[in-house]
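Engineer: Here it is: the structure, laid out below.
The values are calculated or read from the model by the stated rules, or taken from the named source; none is laboratory data. Remember, it's a predicted structure, so these values are computed and weren't measured experimentally. Glycine gets a Cβ as well: all are built from the backbone with ideal geometry, and neighbour counts include every protein chain shown. Side chains are part of the model used for accessible areas, which takes the heavy atoms of the whole protein and leaves out ligands, DNA and RNA. Shrake-Rupley method; radii C 1.70, N 1.55, O 1.52, S 1.80 Å.
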Amino acid sequence: MKYNPQKIEKEWQKIWEETKIYEAPDEVKGKKNFYHLVMFPYPSGDLHIGHWYNFVGGDIYARLKRLQGFNVMSPIGFDAFGLPAENAAIQRQIHPKTWTYKNIKRMRKQLKSIGTCYDWSREIITSEPDYYKWTQWMFLQLYKDGLAYRAKIPCNFCPSCKTVLANEQVVDGKCERCDSQVIQKEIEQWLFKITAYAEELLNDLENLGWPETTKMMQKNWIGKSEGWETVFEIKNKTSSIKKIEVFTTRADTLFGATYLVLAPEHQIIEELKNEITNYQYIKQYIEESRKKTERERISEIKEKTGIELRGIKAINPVNNREIPIFVADYVLIQYGTGAIMAVPAHDRRDFDFAKKYNLSIIEVIEPEKKQALSDKRVPLQISDRINEGAYEGEGFLINSDRFTGMRSLEAKESIGEWLSKRNQAKKKVYYRLRDWLISRQRYWGAPIPMIYCKNCASTGGSAQAGWIAVKEEDLPVLLPRIIDFKPTGEGESPLAKSKKFVKTICPKCQGRARRETDTMDTFVCSSWYYLRYADPGSTQIFASKDKLKAWLPVDMYVGGAEHAVMHLLYSRFFTKVLKALGYLDFKEPFFSLRHQGIILGPDGQKMSKSHGNVIDPDEQVKKYGSDAIRMYLCFMGPYEQGGPWNPAGIVGIYRFLERVWKLFEGLESSASANKLKDGARKEDEKLKRLIHKTIKKVTEDIENFRFNTAISSLMILVNQLSLKNEQLTENYLKVLLILLAPFTPHLAEELWQKYILQNSSIHNQSWPKYDPKLIKEETITLIIQVNGKVRDRVEAEASISQKEAEKLTFLRENVKKWTAGKEIKRVIFVPGKLINIVV
Ligand SMILES: [Zn+2]
Ligand SMILES: [Zn+2]
C-alpha cells in the first residue's frame, strides 16, 4: 500500500474525536497537570499558514508533554468580538454575528485538519453571552475596586473605523487595522487604571520564562523613570508667583538648563495669557498642534518646532538665572508634568533645538574617560565639543558651583536634596505607561455594564456622576441584534440607535435611565480567557477555585510576538487585579512563553493577496497531507524566525515520510517479518548509540522549540535504519515512531497500530529514555605523522572522517612547523588510527 496521508489522516482525526483521547480530565492519578495554550484566533474566516505555524509548533510541544506523562490540557477557542470581524462584515454587507459564526464553523474544520491535540470540549467563544457575562463581571469588579473610571480625554480616533483606538493600536500615526491616519478627539471614555499596577507589572517580569526581548518591550512600555520634580518660578510683571514643575532624571545637569519647554496644553499658558506679549502667535501654534497625533508630535524624523513665550521668564532654582520659556508640541502633556527643562549641552534633541533658536549652551558634565586620563581639572575646550553635539552620558560635574567635581550619580542626589530643603524639588517616580482606554463606539463587542441616571447625577459634578453599575445578578447585558450596526462617525456607538437597548431603569433610584452604549475593547475579552478554559461551563463564577487550582497558571503559552505588549500586558494586569481581589492565588498568568516567527511567501516577501504569494494550507493538505505540512513548517528554520515557504522543501519532507512508510512496509513484505519480534538479536552497537543520541537530541530540541534540528536528527536515524534493515528490532522501530509522533501524529499512529500495537494509541505511550552511557562519543588518539615520523597526537571522535581529520591536523602548531614552506604531496589516512602527511 502506498503512503496515502489524505486517507489515514481523516480516519485518525475521526477516531481521535470519537475516543475523546485529547480531552483532559481535571485530575488523573499519578499524572501532573500541564496547561499548554496557544493564542486563540480571531474568526477571520480562513486559517492561514501563519496560524498553522503557531498551532503546529505549540502542538508538537504539547504532544511531547503528553508522551512524557503529563495530563496535558491544550484548549482552543475563538476571540470572536472586535473590529476585524465587524469591518469584514460591513464590507460584505452581512451581520457581524452571521459572519463570525459562519467563520467559526469553517475554522473549526480547518483547525481539526491540522491534527492538533486540542481538547474541544473546552472550546470558548468570546461573543457568547455565557462568556461575555463574565467579561462584564470583570468590568464590574474593576469598577468597584476603583480601577475602572470615566474621563474626558484626548483620544486616538480612526476616522475610517469610526472608533477610538488604544495607543497600542496606533502604529506610526496610523490605525493598526485599516492604515488610516489617526486623529485626536476629546471624548468621554471608560478607562482601566492599569497604571496602579505599573510597579508590580515591572518587577514581576523578572521571574518569567519569557523571551528577553518581550520582557524588554514590556519594561520599556511601562517606562519607569526616577528623578526629581523641580520647581521653576516664573518672573512676570503683575500677578502672584506662578510656578512650573519640571520632572528630570538628570538633576546633575540642572546648572546647564538654559530654557524650559511646555506642552501646548500646559495650563500656565492660559493663566498667563495677559503677560505673554506674543499670545496671538502662541494660540495659533497651539491650534495647529491639536491637529497632530501624538506619534507625529514625537516623531524623531521631523524637525522640532516651538515658539518662545515673550514677556515671561523662568528662574533656574540652582543659580537664579532667568531663562526663556518655549512652547513646543514635541512635549506631551500626558507625560510627566507637561513641561521639561532643556539642557542642550547634554541632550541631542535640546541641542538641535538650541542651535535652531540660537539659545545658550552650557556644558556641565565632563565625560569620565577624560577625567581618568589626567587628574588636572582643566576645563575642556567647550566650544569644540559643542560643535560636535551633545554629550548625553554621565561623568563629572563642571560649571556647577559647589557641585563641580562631583560624580553624576552623587550629584543627582545632592542637588535634589539641596533643592528639596528649600522646597524647590521633590523625589518622584514617573511611568510612561498610561491607563487603558477600553470604550469602543462600535457594535460588535461586549456592552459595558453601566447605566447613566440623570436623577442620580445631580449630586456630583465629576465625569463619574450619575453612572451606576448594573447589578451582578442582572448580567449579562445582552448585545441586541440590531440591523443597522454601522458606526455613526460622530463618536457615538451604533447601540445608541436601539431605543429598546438604551431605555432602562436606574438600579439605584428606580427612575428612568439609559444604558451605556459603548462596547468594550476586544482586548478585555482576551485578558482573561485562559482562566475560563479551566472551567468553561461554570455559571456561578468565571471559573471555580478548584479548577483554577488544578490548571493555572499556564505552563506554556505560544503565540505571536506582535502581542508582546498589549495582550500580554493586559492579561498580566487582569491576573494581578483578580489576585488582589482574592479570586486567584497566583500573580502571573503565563509561566513560560514562546513566539513563532513569520512565514513568508516563496518570493521571500510577506504573504499578501496583492503579491499573489499566499500559500493556502487547505490546498497543501490536499496535495501533501497535514503531517507533511506540520513537519515542513518545523523544518524551515528556527521556530522563532520562520522564513520563506519553499515548494521544493515540502516535497522533500513528503518523500521523507514516504521513506518512513516504506521502511515499515519493507518489513512486512520481507520473509523475515518475524524478525521484528526477535529482541534478542545481537544489536548493532553503532545503531544503538545513534538511537540513544537521537532520543536525547529530539527531546532537548522540542523542549527548546528547536524543531528543525530535531527533524534533521530524525532524518539521519531513518537513513541508518533503512540501511540496516537486517538488524531492526521492534524496540528501535517503537522508538522511531514515538519520536516522530509529535511531528507527524497521523503517520505515527497508523504505523504504530498496524505494526506495533493494535487498539492502543501511540499518543498514549511513554516517551523513550536514553542511556547517558551510550551518548558519549567514543574517542581515540589520532596519531599525526609528517613523512612517516610521529610529530603530534590529538584526541578525536572515533568516527572522524579524513576531511575532518585533515582540518584538525593542519591547525596543529607542530604540523605547521614541519610542513612550513613545503609542498604537500599526499595525505594518508587510516580511520581511527593515524594520519600521515607526505611533503
Ligand atoms: Zn481604522
Ligand atoms: Zn438613579
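Engineer: I'd like to check which helices (runs of 4 or more DSSP H) are fully inside the range 259-370 and have at least 3 residues that are out of contact with any strand residue (DSSP E or B) (no Cβ under 6 Å at 6 or more places or on another chain), free of Cβ contacts under 8 Å to residues at least 40 places away in the same chain and open to solvent by 10 Å² or more (accessible area, probe 1.4 Å).
Structural biologist: Numbers: elements: 267-271, 279-290, 294-298, 348-356.
Answer list for the range 259-370: 267-271, 279-290.
Engineer: Is there a residue in the range 118-126 that is out of contact with any helix residue (DSSP H, G or I) (no Cβ under 9 Å at 6 or more places or on another chain) and either under 30 Å from Arg66 (Cβ atoms) or more than 16 Å from ligand 1 (Cβ to nearest atom) (or both)? Give the derivation first.
Structural biologist: Of all residues in the range 118-126, those out of contact with any helix residue (DSSP H, G or I) (no Cβ under 9 Å at 6 or more places or on another chain) come to 119, 121.
Now restrict to residues that are either under 30 Å from Arg66 (Cβ atoms) or more than 16 Å from ligand 1 (Cβ to nearest atom) (or both): 119, 121.
Within the range 118-126, one or more residues are out of contact with any helix residue (DSSP H, G or I) (no Cβ under 9 Å at 6 or more places or on another chain) and either under 30 Å from Arg66 (Cβ atoms) or more than 16 Å from ligand 1 (Cβ to nearest atom) (or both).
Engineer: Restricting the search to the range 503-532, which residues are open to solvent by 30 Å² or more (accessible area, probe 1.4 Å) and closer than 30 Å to Phe78 by Cβ?
Structural biologist: The answer is Arg515, and nothing else.
Engineer: Additional query: Take residues that are within 13 Å of ligand 1 (Cβ to nearest atom) and either open to solvent by 70 Å² or more (accessible area, probe 1.4 Å) or out of contact with any Gly (no Cβ under 6 Å at 6 or more places or on another chain) (or both) and tell me which of the strands (runs of 3 or more DSSP E) falling wholly in the range 154-253 contain 3 or more. So that I can check it myself, show each step before the final result.
Structural biologist: On the way: elements: 163-165, 183-192, 224-235, 242-248.
Of the strands (runs of 3 or more DSSP E) lying wholly inside the range 154-253, those with at least 3 residues that are within 13 Å of ligand 1 (Cβ to nearest atom) and either open to solvent by 70 Å² or more (accessible area, probe 1.4 Å) or out of contact with any Gly (no Cβ under 6 Å at 6 or more places or on another chain) (or both) span 163-165.
Engineer: Can you pull out every residue in the range 29-44 that is open to solvent by 10 Å² or more (accessible area, probe 1.4 Å) and touching a residue at least 12 places away in the same chain (Cβ under 8 Å)? Spell out the reasoning first.
Structural biologist: Looking only at the range 29-44, we keep the residues that are open to solvent by 10 Å² or more (accessible area, probe 1.4 Å), and these are 29-34, 39-40, 42, 44.
Scanning the range 29-44 gives Lys31, Lys32, Asn33, Phe34, Met39, Phe40, Tyr42, Ser44.
Engineer: State all residues of the range 701-748 that are more than 22 Å from Lys688 (Cβ to Cβ) and not aliphatic (A, V, I, L, M); if no residue qualifies, say none.
Structural biologist: Glu703, Asn704, Phe705, Arg706, Phe707, Asn708, Pro742, Phe743, Thr744, Pro745, His746 - these are the residues of the range 701-748 that are more than 22 Å from Lys688 (Cβ to Cβ) and not aliphatic (A, V, I, L, M).
Engineer: What are the residues in the range 445-487 that are among the small types (Gly, Ala, Ser) and more than 16 Å from ligand 1 (Cβ to nearest atom), if any?
Structural biologist: Here is the first cut: in the range 445-487, the ones among the small types (Gly, Ala, Ser) are 445-446, 457-458, 460-463, 465-466, 469.
If the condition is that a residue be among the small types (Gly, Ala, Ser) and more than 16 Å from ligand 1 (Cβ to nearest atom), then Ala446, Ala457, Ser458, Gly460, Gly461, Ser462, Ala463, Ala465, Gly466, Ala469 are the ones that fit.
Engineer: If you go through the range 636-644 one residue at a time, do you hit one that is part of a helix (DSSP H, G or I) and open to solvent by 20 Å² or more (accessible area, probe 1.4 Å)?
Structural biologist: Of all residues in the range 636-644, those part of a helix (DSSP H, G or I) come to none.
The answer is no; no qualifying residue exists.
Engineer: Still on this model: For Ala62, are the conditions met, namely being hydrophobic (A, V, I, L, M, F, W, C), open to solvent by less than 10 Å² (accessible area, probe 1.4 Å) and away from ligand 1 (no atom under 16 Å from the Cβ)? Before the answer, list the steps.
Structural biologist: Numbers: hydrophobic (A, V, I, L, M, F, W, C): yes; open to solvent by less than 10 Å² (accessible area, probe 1.4 Å): yes; away from ligand 1 (no atom under 16 Å from the Cβ): yes.
It is true that Ala62 is hydrophobic (A, V, I, L, M, F, W, C), open to solvent by less than 10 Å² (accessible area, probe 1.4 Å) and away from ligand 1 (no atom under 16 Å from the Cβ).
Engineer: Looking at (1) of a type outside the set (D, E, K, R); (2) farther than 25 Å from Phe139 by Cα; (3) within 33 Å of the chain's Cα centre (by Cα), which one does Asn236 not meet, given that it meets all the others?
Structural biologist: Checking Asn236 against (1) of a type outside the set (D, E, K, R); (2) farther than 25 Å from Phe139 by Cα; (3) within 33 Å of the chain's Cα centre (by Cα), the one that fails is (3).
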